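Okay, structure first, notes after.
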Amino acid sequence: MNVPNKLTLFRVILIPFFVFFMLYEPEDFTFRIIAEVIFCVASLTDLLDGKIARKENLVTNFGKFMDPLADKLLVCSALICLVESDQIAAWIVIVIIAREFIISGFRLIASDSGVVIAASMWGKVKTTFQMTMIIVLILNVSYFFAGTTLGTIVSYVELVLIYASLVLTVVSLIDYLVKNKNILTENI
C-alpha cells in the first residue's frame, strides 16, 4: 500500500476518535481542543495524500474511490456531531450532505460516460468555507466564552460562516448542474 493510500486510511481511522472527543464530554473545552487537533490532522492528510499521489504518480483506483469517501465521512461526522451539540441546525446539515450525495452521483454518471468532472471554483470556495466553519464550531468559543466580548464576536462569526457555507453549497450545486447539464440529459 502506497503512502497516499495509507494517509487516506489514517484519516478514516481518526474519525471515531474525533467523534468520541466531540460527543463524550461536549461541554469540556479540553475535549474540544483534542477534537479540533484530530480534525485538523485528518484534514491535512487529505491535502497531503492528493499532492503526494499526483507528484509521485501514485494514483490508484483504491485512492480514487477511498479519498473522496474519507473526506465525506470526516465532514459528515463533524457536521452530525455539531447538530448533536446544538451548534448547527439539522436542516442546514441535510442540505450540505444532500449536495455531496447529488454531486457524487452526478460524477458517477459522468464517469460512466468517460467524463471526469473536476472541482469547480465554487466547489473549492464552498469547501474552504465549510472547513473553516467546522473548525470554528468545533472549538465552541461562543459557548465557552459566553457573556464576554470574545464569545459575542465569535457567535456572529459562526453565524456568518454557517450561512455562507449554506449559500455556497447551493450555488456550487447549481453551478455543477448547469455546467454539466448535457451529461445529465444524455443519461436520463
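Just so it is clear, none of the values below were taken in a lab; they were calculated from the coordinates. In this text the structure is predicted, and so the values were computed from the model without any measurement. Here Cβ is always computed from backbone atoms with ideal geometry, including for glycine, and neighbour counts include all displayed protein chains.
At a glance:
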{"quantity": "DSSP loop GluC sites (Glu not before Pro) with at most 11 other Cβ within 10 Å: longest gap in the chain", "calculated": "57-188"}
{"quantity": "Dipole magnitude (debye, nearest 20) for the chain, charges at Cβ of Lys, Arg, Asp, Glu", "calculated": "700"}
{"quantity": "Segment 83-188, Cα convex hull volume normalised per residue, Å³", "calculated": "94"}
{"quantity": "Among (1) 87, 50, 23; (2) 47, 38, 25; (3) 55, 38, 24, the entry derived from the coordinates for Cα extents along the principal axes in Å", "calculated": "(3)"}
{"quantity": "Cα centre as origin, Lys/Arg/Asp/Glu Cβ charges: segment 57-114 dipole, Debye", "calculated": "180"}
{"quantity": "Straight-distance crosslink candidates among lysines, where the alpha carbon sits under 16 Å from Lys126 and sequence neighbours closer than 8 are dropped", "calculated": "Lys72"}
{"quantity": "For segment 132-146, Karplus couplings with θ = phi - 60° (6.51, -1.76, 1.60), whole Hz, Gly/Pro x", "calculated": "4, 4, 4, 4, 5, 5, 4, 5, 6, 4, 4, 7, 5, 10, 4"}
{"quantity": "Karplus (6.51, -1.76, 1.60) ³J(HN,Hα), θ = phi - 60°, over segment 175-180, in Hz, Gly and Pro reported as x", "calculated": "4, 4, 5, 5, 5, 10"}
{"quantity": "Which listed pairs, of Lys124/Lys179; Lys6/Lys181; Lys55/Lys179, have C-alpha distances above 25 Å, in listed order", "calculated": "Lys6/Lys181; Lys55/Lys179"}
{"quantity": "Amide proton proximity set for Asp28, modelled H, under 5 Å, gap of 5+", "calculated": "none"}
{"quantity": "Spread of Cα-to-Cα distances over 10 Å intervals beginning at zero, given as percent, for segment 1-102", "calculated": "15, 41, 31, 12, 1"}
{"quantity": "Selection of chymotrypsin sites (Phe, Trp or Tyr not before Pro), segment 7-52, meeting DSSP coil and at most 13 other Cβ within 10 Å", "calculated": "Tyr24"}
{"quantity": "Computed [θ] at 222 nm, helices only, for the chain once each DSSP H run of length n ≥ 4 contributes -39500 (n - 2.57)", "calculated": "-28000 deg cm²/dmol"}
{"quantity": "For the chain: relative contact order, % (alpha-carbon pairs under 8 angstrom, 6 or more apart)", "calculated": "23"}
